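In what follows, a single structure is set out as structure tokens and then discussed.
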Amino acid sequence: MLTTPHTGLDPVPGTWWRPAHKAEKVWVAVAFAWCLVLFAMMPLWHWKGGQNPSGIRTRVDPRAFYTRTTEFVRQYKVGEDRGLPIVQPPAGADVYLTAMTYQWYPILQLVRGQRYRLHISALDFNHGFSLYPLNVNFQIVPGYDYALEVTPTAAGDFRIICNEFCGIGHHTMVGRVIVLDEAGRPLSDNSQARLVAGGTE
Ligand code: CUA
């Protein structure tokens, strides 16, 4: 306990150097052990838990990726929604999605239970891919092709929210993924409304 003002230049008089109490040592040991557990969980989740998806990441020229996306759109376009093409690729196809200020291009239409290789990249700035209302989040960086093997497990009309601040129109950057059921039908209007309104499954 100090009785005189201390400048910090002289050693503090008192008993601060006394060894830590046993309880404190125990808690430091517990905290350290827990750190090791969490450290081990990272690779474990990667292999066991279906989390931390391992993308196939390659460098890509942003303009070349966008050109590839437009080619993909030209090949498989099936419709339009407010000027944005709706694209339905065949099962097993390479699927391209470009993030740019302030849209996700194009609208994807997939079929439940089919496997696709989804390529995502950005044309201009960092964007964040957040598939709503599912818990899928990752960063989309220009210059990197982030490819994932995906199999949609639920039919519905989903939204992609940009979760990385990218400019004045960031909050308007909402994309769309339609997942049809095995018979090629969309979900009933009722369930779509529920998804859009923010209900969880
Ligand atoms: Cu794109 Cu925020």
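So here's what we get for this one:
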quantity: Residue in region 76-97 that is more than 24 Å from Asp181 (Cα to Cα) and at pLDDT 95 or above present; calculated: no
quantity: Selection count, region 88-105, where residues are away from the ligand (no atom under 16 Å from the Cβ) and either in a loop (DSSP other than H, G, I, E, B) or over 14 Å from Arg74 (Cα atoms) (or both); calculated: 6
quantity: Lone unmet requirement of (1) within 16 Å of the ligand (Cβ to nearest atom); (2) farther than 25 Å from Arg185 by Cβ; (3) open to solvent by 20 Å² or more (accessible area, probe 1.4 Å) for Leu84; calculated: (2)
quantity: Scope region 16-29; condition at pLDDT 90 or above and surrounded by 10 or more Cβ atoms within 10 Å (Cβ to Cβ); matching residues; calculated: Glu24, Lys25, Val26, Trp27, Val28, Ala29
quantity: Residue that is surrounded by the most Cβ atoms within 10 Å (Cβ to Cβ) [pool: residues in region 112-158 that are of a type in the set (Val, Ile, Thr) and in a loop (DSSP other than H, G, I, E, B)]; calculated: Val141
quantity: Scope region 142-182; condition polar (S, T, N, Q) and touching a residue at least 60 places away in the same chain (Cβ under 8 Å); matching residues; calculated: Thr172
quantity: Selection within region 65-81 - open to solvent by 50 Å² or more (accessible area, probe 1.4 Å) and among the aliphatic types (A, V, I, L, M); calculated: Val78
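The values are calculated or read from the model by the stated rules, or taken from the named source; none is laboratory data. Model, not experiment: these values are computed from the prediction. Backbone-built Cβ (ideal geometry, glycine too); neighbour counts: all protein chains shown. Just the protein is used for accessible areas: all its heavy atoms, side chains included, with ligands, DNA and RNA removed. Shrake-Rupley method; radii C 1.70, N 1.55, O 1.52, S 1.80 Å.
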